[in-house]
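Structure, as structure tokens:
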Amino acid sequence: MDDKTNPNHYKDKPIQTIKAIQSQLTPDEFIGYLKGSMIKYVSRAGFKHPGYDGMREDISKAHQISEFLLAHLTDLIGDRDDG
């Protein structure tokens, strides 16, 4: 089964593309990049690839980007527990 949110052309590189992008941005710039990417995928859901399958693909990509954002925020916060 083809993994449309993390295809082989991303896995075959020595560093993940998202990590390469992150290395070139400040923490706040990276947050903005991820938020923009999520907006892009949600707003085009069902249009670039019509139908429920296409919508699901774009929402899956937005979900994956949200996971990157949550991990990045967790890294920035560290082990603090002050909300």
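Some values worked out for this structure:
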quantity: Rounded to whole Hz, the Karplus (6.51, -1.76, 1.60) HN-Hα couplings of segment 61-69, x for glycine and proline; calculated: 5, 4, 5, 5, 5, 5, 5, 4, 5
quantity: Where trypsin sites (Lys or Arg not before Pro) fall in DSSP loop in segment 30-83, at most 15 other Cβ within 10 Å; calculated: LYS48, ARG80
quantity: Rounded accessible area per residue of segment 20-83, 1.4 Å, Å²; calculated: 72
quantity: Backbone HN-Hα couplings from phi across segment 31-42 [Karplus 6.51/-1.76/1.60, Hz, Gly and Pro as x]; calculated: 4, x, 4, 5, 4, x, 5, 4, 4, 4, 5, 5
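The values are calculated or read from the model by the stated rules, or taken from the named source; none is laboratory data. These figures come from a predicted structure and were not determined experimentally. Here the Cβ is made from the backbone with ideal geometry for all residues, glycine too, and neighbour counts use every protein chain on show. Please note that ligands, DNA and RNA were not included when accessible areas were found on the heavy atoms of the full protein model with its side chains. Shrake-Rupley method; radii C 1.70, N 1.55, O 1.52, S 1.80 Å.
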